[in-house]
Amino acid sequence: MQQPSWDIIGNRKWGYLFSLLVIIPGIIALAVNGLNLGVDFTGGTFLDLRLEKDFTTGQVRQVLDAFGLGRSIVQKGAGHELSIRTRFLSEEERVKVLQALRGKFGEVTVLRADEVGPRIGRELRTIAILGVVIGLLLQVVYISYRFKSVRFAVAADLALLHDILVVLAAFSLSRKEVNSSFVAVLLTVVGYSINDTIVLFDRIRENLSLRAREPFDRLVNRSILEALVRSLNTSITTILAIGAVYFFGGPTIRDFAFGIMVGIATGTYSSIFTASPILVDWHLWSLRQKAQPAEARLPLVEPSPVPAASPSGGAGTTRPQRKHKKRRK
Amino acid sequence: MTSRLWLRLTFVVAIVLLAFQVALRPIRFEGLIPTFQPPRVYLNLGLDLKGGSRLVFRALREDASVEDLQGVKRIIEQRIDQLGVVEPTIEILSRQKRIVVELPGIQDPQRAISLIGKTALLEFVDTGTTQLPPGAKWSADGKKVTLPGGQSIALPKNVKFTGADLQSAQAAISDIEGPVVNFQMKGEAAKRFEDYTRENIGRYLTIVLDNEVISSPVIRSTITGGRGQISGGFTNLQEARDLAVLLRSGALPVPMEVEENRTIGPLLGRDSIERSLKAAYIATILVIVFMLLYYQLPGFLASLALGVYIVLILAALTGLNATLTLPGIAGIILSVGMAVDANVIIFEKIKEELRLGKTLYTAIETGWRRALVTIVDSNATTLIAAAVLLWLGSGPIRGFAVTLTIGVVASMFTAFTVTRVFVDLVAGTRLAPRLEAIAATGGRARAAA
């Protein structure tokens, strides 16, 4: 069609390579550093304060040291803002810490305080893991139901895994805090990623039913190019929207927007450069396994196509040839 | 224009007007006479936007009964009353032995925590000839006292009266003592108090709150009428007032501890609203600009539909009495970006049909039909994600799931009714060729060929 005739499938090893370039350092970072779990999951106290006077983190640490809290994470933000992350403080302890800070730096305004007891921290962690596991299971079930074909389903699942790893890698490498809202990030990203894969795979199946004779890798490449505009346009509008949240929505929501942005980018990427190439490689692999190529292709066509695959009735018979010739020129 | 199109147009206009009324209430009905009022948003804001505290208290005794927790709730209600919080909510989670308190818009969460969470067990202890300094603490078993200096002495806690014997308590300023709390004992207790003070002149009657000594006065004379005064230990009137509140509401039947405290100061809440509104405007403008640049006239129609979409979301949130949180706003903004997706899918299908040489009407008809399944299916995955979050998430995250769900449903609705009507309308006018121009978007090479 209108798109340049990029050979995405022919160059798929670059797609795999790029994915690995992100995922492998990510896995290493995950293994070495793990995730930077926030107080939601570890239990503890997070204080976001605004002080009256200028200060250094060293001075704050001195104050904390007096309470045996010298190992707290102290960060200085814009406009005399101070954030402290430390163990779960009893009410008395917190009052004393705030008093000590007032004594040294003048008036202290509490912008935000998150205090999570160890028991609640454990509970939130369990709920988060449960949420991710159930969410993923439901998506995998939906994928199996939706595609009915093992290959399409597994390819979509792998793309999903790819996107989860990329988002985890992004949070591990950037040391961004992982808290309860991270579950929302993961599940939203997964939903979006599958959404994108579904639209692309539907196109492949539609073309499969119309052009059974075209080599599979060419057919997938054509499908990608046909679906590319929609895929990119949707990603662009969504990234524009969530990007506005990232840049203008304030620090409270920034990490959340960051995760979704990364996820949408990788969700789009993985449908094109991971899911579809896996489909092609699986096909080529099974071709090599079997003597008869025609048989190997059958299972791909066989699952009864979704209604979208045979949309415009009689038009289907004339359309493929027209397109076919133009493309093959 | 066909009569069916008129019908659909009327339907869309009716929906939009209804949504506008639900969301912004420009017309108020008082009895039968409608009056106009300036439209504004009627949304419940979550604690993260209006500021406030969410506190989770947990009973320190494993055997705390439901009745105990209900008692705690009643007392907490009375204490919160004194804080002047508008619309607090208190919820008992009896299985977890927890009580969740939400205090919207509270200015001084620190004071709230110490006021609500204190057991406030007041005891009058006969310490004989020993005077204890303020801050001295009894051990839990009541056998020894740890002095502020650190050393502990064996001294059994011989309790004579408790907070339950009090009828009332009032803070006041005394010329000599500074801030004090005057109390009045109940009739029967007042009589006992009189007898006791008569027989124990010269001894110390130490006043203890939650095992900590407030003051240790000496009994100078018989006290009649059950009137007494707690003095000393208050640095300001506020502290005396808080103690009076605690004494009036009574002691919690079970000691509670704070397990979770999420406080958003009023400053940050306001800041979040301002910033996220700004982000919402910018996001909407960026999306519209992109659609106009890329799809031109159809993009303009989709942008109009986006306006309808936003009114629909506001109406749904208002109608469902949902609470808007900061992640919830992010969810709306995200759904604005995703809402365009349905339009993009439809436009791309129409484009393909046009390029196959179909007439505009057929292309619109087939485009929408072909897009339906893809759009419904692809949105299902987002709905699955939202359903899990709705089920397991709490507070702000649930707000995100709510807006995302409403957003996805509303986006499908607008794409299939509103955008469709707009496009059909324009297809019947002189502007039709500009709709057909969509076939040329995204690279003109083939169109020219």
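The values are calculated or read from the model by the stated rules, or taken from the named source; none is laboratory data. As the structure is a prediction and not an experimental result, all values here were calculated from the model. Note: ideal-geometry Cβ built from the backbone for every residue, glycine included; neighbour counts use all protein chains shown.
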Open item on the list: Here is a check on your reading of the model: is residue B:91 surrounded by fewer than 13 Cβ atoms within 10 Å (Cβ to Cβ) and part of a strand (DSSP E or B)?
Closed with: yes
TODO: Tell me, please, whether a residue that is among the small types (Gly, Ala, Ser), more than 8 Å from chain B (Cβ to nearest Cβ), in contact (Cβ under 8 Å) with a residue 60 or more places away in the chain and outside any loop (DSSP other than H, G, I, E, B) can be found in segment A:220-238.
DONE: no
TODO: Say whether the condition of being in a helix (DSSP H, G or I), without any contact (Cβ under 8 Å) to a residue 60 or more places away in the chain and within 23 Å of residue B:51 (Cα to Cα) is met by at least one residue in segment A:49-58.
DONE: no
Open item on the list: Which numbered condition in (1) surrounded by fewer than 24 Cβ atoms within 10 Å (Cβ to Cβ); (2) free of Cβ contacts under 8 Å to residues at least 60 places away in the same chain; (3) more than 14 Å from the chain's Cα centre (by Cα); (4) within 13 Å of another protein chain (Cβ to nearest Cβ) is the only one that residue A:215 fails?
Closed with: (4)
Task: Output for segment A:78-108, where each listed residue is closer than 16 Å to residue A:251 by Cα, within 12 Å of another protein chain (Cβ to nearest Cβ) and in contact with a Ser or Thr (Cβ under 9 Å, 6 or more places away or on another chain) - done: none
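Out of curiosity, is residue B:317 more than 8 Å from chain A (Cβ to nearest Cβ), touching a residue at least 40 places away in the same chain (Cβ under 8 Å), in a helix (DSSP H, G or I) and in contact with a helix residue (DSSP H, G or I) (Cβ under 8 Å, 6 or more places away or on another chain)?
yes
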- [ ] Find the residue count for segment A:59-91, including only residues that are touching a residue at least 60 places away in the same chain (Cβ under 8 Å) and assigned to a helix (DSSP H, G or I).
- [x] 0
TODO: Confirm whether residue A:111 is crowded, with 19+ Cβ neighbours inside 10 Å, within 9 Å of chain B (Cβ to nearest Cβ), touching a residue at least 60 places away in the same chain (Cβ under 8 Å) and within 30 Å of residue A:160 (Cβ to Cβ).
DONE: no
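Condition check ((1) over 26 Å from residue B:320 (Cβ atoms); (2) of a type in the set (D, E, K, R); (3) more than 20 Å from the chain's Cα centre (by Cα)) across all residues:
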{"position": "B:62", "(1), (2), (3)": "yes, yes, yes"}
{"position": "B:68", "(1), (2), (3)": "yes, yes, yes"}
{"position": "B:73", "(1), (2), (3)": "yes, yes, no"}
{"position": "B:86", "(1), (2), (3)": "no, no, no"}
{"position": "B:90", "(1), (2), (3)": "no, no, no"}
{"position": "B:95", "(1), (2), (3)": "yes, yes, yes"}
{"position": "B:98", "(1), (2), (3)": "yes, yes, no"}
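Can you tell me which residue is surrounded by the most Cβ atoms within 10 Å (Cβ to Cβ) among those in segment A:114-135 that are touching an Asp or Glu at 6+ places or on another chain (Cβ under 6 Å) and either more than 7 Å from chain B (Cβ to nearest Cβ) or not in a helix (DSSP H, G or I) (or both)? Please lay out each step first, then the result.
Of all residues in segment A:114-135, those touching an Asp or Glu at 6+ places or on another chain (Cβ under 6 Å) come to A:116-117, A:120, A:124.
Restricting the remaining residues to those that are either more than 7 Å from chain B (Cβ to nearest Cβ) or not in a helix (DSSP H, G or I) (or both) gives A:116-117, A:124.
Working: A:116: 27, A:117: 20, A:124: 22.
The qualifying residue surrounded by the most Cβ atoms within 10 Å (Cβ to Cβ) is A:116.
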Open item on the list: Let me confirm something: among A:171, A:152, which residue is assigned to a helix (DSSP H, G or I) and in contact with a Lys or Arg (Cβ under 8 Å, 6 or more places away or on another chain)?
Closed with: A:152
- [ ] Please report, ordered by residue number, the helices (runs of 4 or more DSSP H) entirely within segment B:370-449 with at least 3 residues that are at pLDDT 85 or above and in contact with a helix residue (DSSP H, G or I) (Cβ under 9 Å, 6 or more places away or on another chain).
- [x] B:395-413, B:419-427
Open item on the list: So residue A:138 passes all but one of these: (1) in contact (Cβ under 8 Å) with a residue 24 or more places away in the chain; (2) at the interface with chain B (Cβ under 9 Å from one of its Cβ atoms); (3) under 27 Å from the mean Cα position of the chain (by Cα). Which condition number does it fail?
Closed with: (1)
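Check segment B:245-255 and report whether any residue there is surrounded by fewer than 15 Cβ atoms within 10 Å (Cβ to Cβ) and of a type outside the set (Val, Ile, Thr).
Taking segment B:245-255 first, the residues surrounded by fewer than 15 Cβ atoms within 10 Å (Cβ to Cβ) are none.
No, that holds for no residue.
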TODO: Determine whether residue B:207 is of a type outside the set (Ser, Thr, Tyr), exposed (fewer than 12 other Cβ atoms within 10 Å of the Cβ) and not in a loop (DSSP other than H, G, I, E, B).
DONE: no
TODO: Take segment B:172-190 and flag every residue that is farther than 17 Å from residue B:125 by Cα and either outside any loop (DSSP other than H, G, I, E, B) or outside the structural domain of residue B:230 (by TED's automatic domain parsing) (or both).
DONE: B:172, B:173, B:174, B:178, B:179, B:180, B:181, B:182, B:184, B:187, B:188
Task: Single condition residue B:62 does not satisfy, out of (1) free of Cβ contacts under 8 Å to residues at least 60 places away in the same chain; (2) crowded, with 17+ Cβ neighbours inside 10 Å - done: (2)
- [ ] Looking only at segment B:274-289, decide whether some residue is more than 8 Å from chain A (Cβ to nearest Cβ) and in contact with a Ser or Thr (Cβ under 6 Å, 6 or more places away or on another chain).
- [x] yes
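Name the single residue, out of those in segment A:48-81 being basic (Lys, Arg) and loosely packed, with under 13 Cβ neighbours inside 10 Å, that is nearest to residue A:114 (Cα to Cα). Talk me through it step by step, then tell me what you get.
Filtering segment A:48-81 for residues basic (Lys, Arg) gives A:50, A:53, A:61, A:71, A:76.
Those still in the list that are loosely packed, with under 13 Cβ neighbours inside 10 Å too: A:53, A:71.
Working: A:53: 23, A:71: 18 Å.
The residue in question is A:71.
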Task: Residues satisfying the stated conditions in segment A:13-48, i.e. touching a residue at least 12 places away in the same chain (Cβ under 8 Å) and more than 21 Å from the chain's Cα centre (by Cα) - done: A:39, A:42, A:43, A:44, A:45, A:46, A:47, A:48
Task: Identity of the residue in segment B:353-369, at the interface with another protein chain (Cβ under 7 Å from one of its Cβ atoms) and closer than 20 Å to residue B:425 by Cα, that ends up surrounded by the most Cβ atoms within 10 Å (Cβ to Cβ) - done: B:366
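Does residue B:350 qualify as being more than 7 Å from chain A (Cβ to nearest Cβ), crowded, with 20+ Cβ neighbours inside 10 Å, modelled with pLDDT under 90 and under 22 Å from residue A:194 (Cβ atoms)? So that I can check it myself, show each step before the final result.
Values: more than 7 Å from chain A (Cβ to nearest Cβ): yes; crowded, with 20+ Cβ neighbours inside 10 Å: yes; modelled with pLDDT under 90: yes; under 22 Å from residue A:194 (Cβ atoms): no.
The answer is no for residue B:350.
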